[in-house]
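K.L.:
Supplied in structure tokens, the structure appears directly below.
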């Protein structure tokens, strides 16, 4: 394998080459003139190839890089945040789908509620940012009582700063009947809104009429589940 000499040696060799060819051109016959001139040109090209970049070139390059970063970083962050919201909405969708399936299979009411502890319905019932649990409501009273089983617990959501996951209205739970239906959902359905807290009002945005970014999980009275994102 051909080895490339270090940069310092290349500079010395190029200098030697240049002056050697110049010397030969002064004292050799005219027949070798064009050969030595060609060699001289080659040495000159090597000298130019070893030249570094100027300060102006460096400043132009840095300026272009800064402009590209200013454009790319916010767009990249927005994409990452959107993917994170969509991931949590999908995880909630999977847990609610399981809850509906368990209610039908067990022929018992299964409830999904907000939870900060992972063992009981706790914390602000409308704030699902801290996580949720799924349990079998054997006696159908809408509460997790001693002896009733917790089927699954989900930890806190690592949402971007200023974002939260909020249930839109009372009772701030998803109570699935043995038929798979959700009582009290009504025509609009229950929603979990994953969006900026400053944009949240008493109701979550419906459809694409809302101008901000969000990921909503929607549960209809029939127990049908879907995700709306923008």
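Coordinate-derived values only; no laboratory data. Quick caveat: nothing in here was measured; it's all calculated off a predicted structure. Cβ placement follows ideal geometry from the backbone for every residue including glycine, while neighbour counts extend to all protein chains displayed.
K.L.:
Tell me, 163, 132 in order of fewest to most beta-carbon neighbours within 10 Å?
P.N.:
Going from least to most buried by this count: 163, 132.
K.L.:
Taking a label point 7 Å from the Cα of residue 81 along the Cα→Cβ vector, which residues of the stretch 156-173 have an amide N closer than 18 Å to it?
P.N.:
157-166
K.L.:
Ok, one more. In terms of the Cα gyration tensor, with a ≥ b ≥ c the square roots of its eigenvalues, is the stretch 84-229 rounded because a/c is under 1.5, prolate because a/b exceeds b/c, or oblate?
P.N.:
Here the stretch 84-229 falls in the prolate category.
K.L.:
Let me ask something else about it. Provide the packing ranking of 216-222, 153-159, i.e. peptides ordered by the mean count of other C-beta atoms within 10 Å per residue, highest first.
P.N.:
Listed from highest to lowest mean packing, they are 216-222, 153-159.
K.L.:
Let me ask another. Tell me, 192, 53, 104 in order of fewest to most beta-carbon neighbours within 10 Å?
P.N.:
Starting with the residue having the fewest Cβ neighbours, the order is 53, 104, 192.
K.L.:
Rounded to whole Å, give me the distance from the Cα center of the stretch 158-197 to that of the stretch 68-112.
P.N.:
For the stretch 158-197 versus the stretch 68-112, the Cα centre distance is 12 Å.
K.L.:
Kindly put 88, 135 in sequence by how many other C-beta atoms sit within 10 Å of each C-beta, fewest to most.
P.N.:
If I rank by nearby Cβ atoms, fewest first, I get 88, 135.
K.L.:
For residue 188 and residue 119, calculate 0.36 nm times their separation in residues minus their Cα-Cα distance, and state this gained length in nm to one decimal.
P.N.:
21.9 nm
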